[in-house]
1. Return the loop-located GluC sites (Glu not before Pro) in segment 33-131 (DSSP other than H, G, I, E, B) with at most 14 other Cβ atoms within 10 Å of their own Cβ; answer none if there are none.
2. If one takes the longest principal axis of the Cα atoms in the chain, at what angle in degrees, from 0 to 90 and to the nearest 10, does the Cα axis of helix 149-163 lie?
3. Which of the following values of Kirkwood radius over Cα pairs in Å was calculated from the structure shown: (1) 17.7; (2) 18.1; (3) 16.2?
4. For labels at N158 and D37 in the simple 7 Å Cα→Cβ model, what's the distance in nm?
5. At a 10 Å Cβ-Cβ cut-off, how would you order Y172, Y47, fewest neighbours first?
6. Residue by residue through segment 14-19, which ³J(HN,Hα) values in whole Hz follow from phi under the Karplus form 6.51 cos²θ - 1.76 cosθ + 1.60 (θ = phi - 60°), with glycine and proline marked x?
7. In the chain, which cysteines lack any other cysteine Cβ under 4.7 Å from their own?
8. Can you tell me the FRET efficiency between F95 and R63 if r is taken as the Cβ-Cβ distance and R0 is 22 Å, rounded to the nearest 0.05?
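What follows draws every value from the coordinates through simple rules; no lab data is involved. Keep in mind that what you see is a predicted model, and the values were worked out from it rather than measured. Every residue, glycine as well, gets a Cβ built from its backbone with ideal geometry; the counts of neighbours run over all protein chains shown.
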Amino acid sequence: METEFFNKNDGRVVVITENEDKTLTENDVELVNSYFDRIQNEFPDAYKSLDKLYHNFKPLQRRFKFKVVNRFLQCNFGRYDTAEYDIDKDNNLHFEKTDCPIRGDCPLENIVCFPKMKSCLSLREIEVINLAVEGHNSEEIAEILHISTHTVHNHVTNILDKMNVHSMKYVYKWYITNNKTLNNDKRSGNQ
């Protein structure tokens, strides 16, 4: 479902879908839990920082999860625009540079805002993405990597499944954002 988020001046986040516009509260348990799980699984560095920030709320799990989700949404979305949905129909996230009064001074900058996605991809899958981003088609990728085009297509299917997305467009955007980190991991064997 396409979703747009809007930050209110008082720190509340409005969730806008085709069905409704509502201010997110800790009583929106199902919605908060789904966003919380996604943050925890896909953006572990952001989650770790938010967990530390809101650690005192952990005994109150519903409140803790809401605080983590609300802050993540505030930091990454919040402009009410029609250029692109914040979450598109394929469940891809489209981060925005929000108007933050502490940008440049925030210790969570580039950790919680514009977070790095956890790479669950193999080195070969990253090589396939790299070549695709460079403009190579499946046949060229197969030739460069000395594998069959069928294997290239299997890698693409695995990439989409692992990243839980339906479009290589999102994979390309993710790769471009995370390219420096991925190349460092690849060179050091930390993948």
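1. E84, E109
2. Relative to the chain, helix 149-163 is tipped by roughly 10 degrees.
3. Derived directly from the coordinates: (2).
4. Result for the modelled spin labels: 2.5 nm.
5. Going from sparsest to densest Cβ surroundings: Y172, Y47.
6. Working through the residues one at a time gives 9, 9, 10, 10, 5, 8 Hz.
7. C100, C106, C120
8. With a Förster radius of 22 Å, E is 0.30.
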